[in-house]
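*Asks:* Pasting a structure here, questions to come.
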Amino acid sequence: MKPAVKQQIVISGVGGQGVLFVTRLIAEAAIDKGLPVLTSETHGMAQRGGTVVSHLKVGDFASPLIRPRKANGLLALKAEIPDAHLLFLEPDAWAVVNSDSPRDFRNMAKLFNTDCDQLALEIGNARSANLVLLGFGVAATIGGDHVKQPMFCSIEDIRNVLLKRFSGNKKVLDAAVAAIEAGYDSFGSKRSSK
């Protein structure tokens, strides 16, 4: 019998970046795996530019909000955002950040960063940085050194969710899958260049 999944992830960004869409994709991946899931938008602005934070819990939880020092990971779509959310991270947590250079997050050993905005431009879809970050996050937490609790879902799980969501729109599906794969593949490129 495989062990029960119990994972808490904070997803942050600003309005218009697709924080809630990424949260829904991960939640649907959990549902597809038969796992219980809770989500909560703790801050949100309907307008572009306002801070948006989602809490996602996969496993046997009673409340959707993540308490301080309990999150296993952080997906940050904007480099400036994580500082405000570090209080949620447990000591062994990982952080995946959309940033072109590493930043000091209290010397976090499990900080992974890549320039998702640039990768999205390179694949011709500037609005897909959120999906690039998700693909990079899956690869980084599964393939990263000494990650105590990698993301519970695989790149295939996310592809399957996208396929179900966009099965009637091949153009959107192909663009979404290309973005996820660009992020996923970029982690391998970063590791091989070190």
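The values are calculated or read from the model by the stated rules, or taken from the named source; none is laboratory data. Since this is a predicted model, take the numbers as computed values, not measurements. Every residue, glycine as well, gets a Cβ built from its backbone with ideal geometry; the counts of neighbours run over all protein chains shown.
*Asks:* Return the only residue of A95, A79 being closer than 19 Å to A129 by Cα, of a type outside the set (S, T, N, Q), surrounded by 14 or more Cβ atoms within 10 Å (Cβ to Cβ) and at pLDDT below 90.
*Replies:* Among A95, A79, only A79 is closer than 19 Å to A129 by Cα, of a type outside the set (S, T, N, Q), surrounded by 14 or more Cβ atoms within 10 Å (Cβ to Cβ) and at pLDDT below 90.
*Asks:* Residues that are of a type in the set (K, R): list the helices (runs of 4 or more DSSP H) wholly contained in region 121-194 that include at least 3 such residues.
*Replies:* 155-166, 170-193
*Asks:* I would also like to ask the following. Under the condition of being in contact with a helix residue (DSSP H, G or I) (Cβ under 8 Å, 6 or more places away or on another chain) and in a strand (DSSP E or B), which residue from region 65-76 is farthest from G135 (Cα to Cα)?
*Replies:* So the residue we want is A71.
*Asks:* What single numbered condition from (1) in a loop (DSSP other than H, G, I, E, B); (2) modelled with pLDDT under 90 fails to hold for A62?
*Replies:* (2)
*Asks:* Could you say which residue among G137, G183 is of a type outside the set (K, R), buried (at least 19 other Cβ atoms within 10 Å of the Cβ) and in contact with a helix residue (DSSP H, G or I) (Cβ under 6 Å, 6 or more places away or on another chain)?
*Replies:* Being of a type outside the set (K, R), buried (at least 19 other Cβ atoms within 10 Å of the Cβ) and in contact with a helix residue (DSSP H, G or I) (Cβ under 6 Å, 6 or more places away or on another chain) holds for just one of G137, G183, which is G183.
*Asks:* A follow-up question, please. How many of the residues making up region 122-150 are closer than 20 Å to E90 by Cα and at pLDDT 95 or above?
*Replies:* 2
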